[in-house]
1. For n ≥ 4 DSSP H runs only, could you compute -39500 (n - 2.57) per run for the chain, divide by its residues and tell me the 222 nm figure to the nearest 500?
2. Taking a probe of 1.4 Å, how large is the accessible area per residue of the range 181-220, in Å²?
3. Out of all DSSP beta bridges in the chain, what portion is antiparallel? Express it as a percent rounded to 5.
4. Just order 128-139, 191-202 by mean Cβ neighbour count inside 10 Å, highest at the front, would you?
5. Under a point-charge model restricted to the Cβ atoms of Lys and Arg (+1) and Asp and Glu (-1), what is the dipole moment magnitude of the range 76-161 relative to its Cα centre, in debye to the nearest 20?
6. Report the per residue volume, in Å³, of the convex hull enclosing the C-alpha atoms of the chain.
7. Quote the relative contact order of the chain in percent (integer), defining contacts as alpha-carbon pairs under 8 Å separated by 6+ residues.
8. Report the accessible area of K164, computed with a 1.4 Å probe over the heavy atoms of all protein chains in place, in Å² rounded to the nearest 10.
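The values are calculated or read from the model by the stated rules, or taken from the named source; none is laboratory data. Model, not experiment: these values are computed from the prediction. Reconstructed Cβ throughout: ideal geometry from the backbone, glycine too, with neighbour counts over all protein chains shown. Calculation scope for accessible area: heavy atoms of the full protein, side chains included, ligands and nucleic acids excluded. Shrake-Rupley method; radii C 1.70, N 1.55, O 1.52, S 1.80 Å.
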Amino acid sequence: MGEIQITPSILNSDFARLGEEVARIPGADWVHVDVMDNHFVPNLTFGPAMVEALARVSPVPLDAHLMIEDADRNAPAYVEAGCGSVTFHVEAAKAPVRLAREIRSAGARASMALKPATPVEPYEDLLAELDMLLIMTVEPGFGGQRFLDLCLPKIRRARALMDKHGVETWLQVDGGVSLETIERCAEAGADVFVAGSAVYSADDPDAMVAALRARAEEARG
Ligand code: DX5
Ligand code: ZN
């Protein structure tokens, strides 16, 4: 298992001041950027040009989470835009192995996401191709949703598969992660934690990043 990392999502930050919003979380490991196309999910956010502008000013590297159709064709633009990590959804990729290799060879960390109803077992042999696996803990599309406890067994099974294969793949969770739910995720084996509303609804977002990290580290023991 890797070190605990906290990756705040800017989905619930002030879109008119994104540069200032990322400057409020200097203690974060990554900034999680939720790209939505109004097709894969019923919501619409940023494209590569905005992500590139944000990458230029962000003190923390960008972790793009692409909730977009035709990931095979659209994902490479986010590596070019300057993201250090690019996550595509397996449900939106026709050739996930080829895409992961393309992302890696273009110079970013390659990551693959699973929606709550998508099982991890069919992808056991792909884990070595991935720098990170994202297990969604809400249905993707919106911030501020309730954490789905039904995803915890899948996090445990994913961690067991990673241990079995001895891979260094990080295990990220995204959706409803807060001071209340982060311990369950850490105990189940997650090591990278996205938190959107929990961080940006706090008076001091960077202090919340530190508090989340401390709680996850405690849970790991
Ligand atoms: C949901 C996004 C999440 C979202 C998390 O589709 O992928 O990254 O911003 O927000 P919270 O932490 O509020 O659930
Ligand atoms: Zn996300």
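1. -9500 deg cm²/dmol
2. Spelled out: the 1.4 Å probe surface of the range 181-220, per residue, equals 37 Å².
3. Antiparallel bridges: around 5 percent, rounded to the nearest 5.
4. Sorting 128-139, 191-202 by mean packing, highest first, produces 191-202, 128-139.
5. Here the range 76-161 has a charge dipole of around 120 debye.
6. 105
7. Relative contact order here is 21 percent.
8. It works out to around 140 Å².
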